[in-house]
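Novice: Please find one structure pasted underneath; my questions will follow.
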Amino acid sequence: MNLPSSPPAHGTATHLPPLRTMRENGEPRVGLSGAGAAAAHEAPDLAAPVRVIVADDHPLVLYALESLLANYPNLQLVARAQSVPELFEVAAQHSFDLVLMDLYMALPGEMDGPEAIRAFRVQFPQKAVVVLTMENDASVLRKTIDLEVSAVLSKRDRLDLIPVAIVSAMAREHYVGPVVRDLLAEAARTERREEVHRILTRREFEVLTHYARGLGVTEIAGLLGRSVKTISAQKCAAMKKLALGNDIELYRFAVECGVTQVEPA
């Protein structure tokens, strides 16, 4: 999270756009319509401030979040917590709409991470959960998203994306911050690239990589010291194993899997 070097000015509040019409830097509109409108009677009053609990074990992060919320009249801080047990305690004591919580903030022996989120959602099933984290492990991020939380953001994301995530959450939509999206996309590319390595022989992968980088069959043959016929056969074998019908599909597949990147020796 890009923390402010000094607290935001509390004298001038920033108004969130109405929940039904907000759009931020190309973010999807989050108004209630269709299926969302059908469940509107269960949603909080969109004219009232969103009541928020913030939970993080780092005082500086907690301060930054409180300072951020103070600048939005549409957002009302109702409680704070610095541990998982304290979060459950204040959540039971206060009326709230949404919790803005760190993924990891447990002391030894306490439940934490996805386990804590799962327990919180069981106890407070109708409340929105926005998760902030420094986690880089894509498997943990996927597990967190699979818990049907309202939003997941990295603490390396811009601070002003938090209100966007809150608006999305209150409109019963899901939001994933750009840093988390990039981590998940890179992990998916890595997994696919590893799968390609398992499917193809080393020489087939080598030919596929050079071809995807723009070299022709004759150029690859000269570079690798093989015959044009051998290179052509290895290219065709690789495409067949990967179920690629033409060069356009090959290039697209190579970009999606990241096989155009230089492989370590």
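Novice: Open to solvent by 30 Å² or more (accessible area, probe 1.4 Å) and on the phi > 0 side of the Ramachandran plot: is that true of Ala233 in this structure? Full working, then the answer.
Specialist: Working: open to solvent by 30 Å² or more (accessible area, probe 1.4 Å): yes; on the phi > 0 side of the Ramachandran plot: no.
Criteria not met by Ala233.
Novice: Might you check whether a residue that is of a type in the set (Gly, Ala, Ser) and farther than 16 Å from Tyr175 by Cα occurs anywhere in the stretch 115-132?
Specialist: yes
Novice: Next up: What pairs come out if I take residues in the stretch 54-70 that are assigned to a helix (DSSP H, G or I) and pair them with residues that are among the small types (Gly, Ala, Ser) whose C-beta lies under 9 Å away, six or more apart or interchain?
Specialist: What qualifies is Leu62/Ala55; Leu62/Ala81; Ala70/Ala13.
Novice: I want to confirm something. Restricting to the stretch 225-265 and keeping residues that are of a type in the set (S, T, N, Q) and within 30 Å of Leu184 (Cβ to Cβ), which single residue is modelled with the highest pLDDT?
Specialist: Of everything passing the filter in the stretch 225-265, Asn246 is modelled with the highest pLDDT.
Novice: Could you list, in sequence order, all residues of the stretch 170-211 that are open to solvent by 30 Å² or more (accessible area, probe 1.4 Å) and within 30 Å of Ile53 (Cα to Cα)?
Specialist: Arg172, Glu173, His174, Val176, Pro178, Val179, Arg181, Asp182, Leu183, Leu184, listed by residue number.
Novice: Among the listed residues Gly214, Gly222, which satisfies the condition of being open to solvent by 40 Å² or more (accessible area, probe 1.4 Å), farther than 25 Å from Ser139 by Cα and at pLDDT 90 or above? Reasoning before the result, please.
Specialist: On the way: Gly214 fails: at pLDDT 90 or above.
Just one listed residue meets the conditions, Gly222.
Novice: Taking the stated definitions as given, is Met101 of a type outside the set (Gly, Ala, Ser) and part of a loop (DSSP other than H, G, I, E, B)? Give the derivation first.
Specialist: Numbers: of a type outside the set (Gly, Ala, Ser): yes; part of a loop (DSSP other than H, G, I, E, B): no.
Criteria not met by Met101.
Novice: Which of (1) over 13 Å from the mean Cα position of the chain (by Cα); (2) polar (S, T, N, Q); (3) surrounded by 20 or more Cβ atoms within 10 Å (Cβ to Cβ) does Gln93 not meet, given it meets every other one?
Specialist: (3)
Novice: List the number of the failed condition for Ala48; all other conditions in (1) open to solvent by 70 Å² or more (accessible area, probe 1.4 Å); (2) free of Cβ contacts under 8 Å to residues at least 24 places away in the same chain hold.
Specialist: (1)
Novice: Same structure again: Consider Gln76 against the criteria (1) in contact with a Pro (Cβ under 6 Å, 6 or more places away or on another chain); (2) surrounded by 18 or more Cβ atoms within 10 Å (Cβ to Cβ); (3) over 30 Å from Glu186 (Cα atoms): it satisfies all of them except one. Which criterion is unmet?
Specialist: Evaluating Gln76 over (1) in contact with a Pro (Cβ under 6 Å, 6 or more places away or on another chain); (2) surrounded by 18 or more Cβ atoms within 10 Å (Cβ to Cβ); (3) over 30 Å from Glu186 (Cα atoms) leaves (2) as the failure.
Novice: Select from the stretch 236-263 the residues that are of a type in the set (D, E, K, R) and either over 17 Å from Thr201 (Cα atoms) or open to solvent by 80 Å² or more (accessible area, probe 1.4 Å) (or both) and list them in ascending order.
Specialist: Lys240, Lys241, Asp247, Glu249, Arg252, Glu256
Novice: For the stretch 147-183, give me the residue count where each residue is polar (S, T, N, Q) and under 12 Å from the mean Cα position of the chain (by Cα). So that I can check it myself, show each step before the final result.
Specialist: Of the stretch 147-183, the ones polar (S, T, N, Q) are 150, 154, 168.
From what's left, under 12 Å from the mean Cα position of the chain (by Cα): 150, 154.
The total comes to 2.
Novice: Which of (1) in contact with a Pro (Cβ under 8 Å, 6 or more places away or on another chain); (2) under 18 Å from Gly258 (Cα atoms); (3) not hydroxyl-bearing (Ser, Thr, Tyr) does Met170 not meet, given it meets every other one?
Specialist: (2)
Each row is one residue, and each column tells you yes or no for (1) touching a residue at least 40 places away in the same chain (Cβ under 8 Å); (2) farther than 14 Å from Asp97 by Cα; (3) in contact with a strand residue (DSSP E or B) (Cβ under 8 Å, 6 or more places away or on another chain).
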residue: Met111; (1), (2), (3): no, yes, no
residue: Lys127; (1), (2), (3): no, no, yes
residue: Ile166; (1), (2), (3): yes, no, yes
residue: Val176; (1), (2), (3): no, yes, yes
residue: Asp182; (1), (2), (3): no, yes, no
residue: Ala185; (1), (2), (3): no, yes, no
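The values are calculated or read from the model by the stated rules, or taken from the named source; none is laboratory data. If you're wondering where the values come from, they're calculated on a predicted model, not measured in any experiment. Heads up, the Cβs are rebuilt from the backbone with ideal geometry, glycines too, and the neighbour counts pull from every protein chain shown. Please note that ligands, DNA and RNA were not included when accessible areas were found on the heavy atoms of the full protein model with its side chains. Shrake-Rupley method; radii C 1.70, N 1.55, O 1.52, S 1.80 Å.
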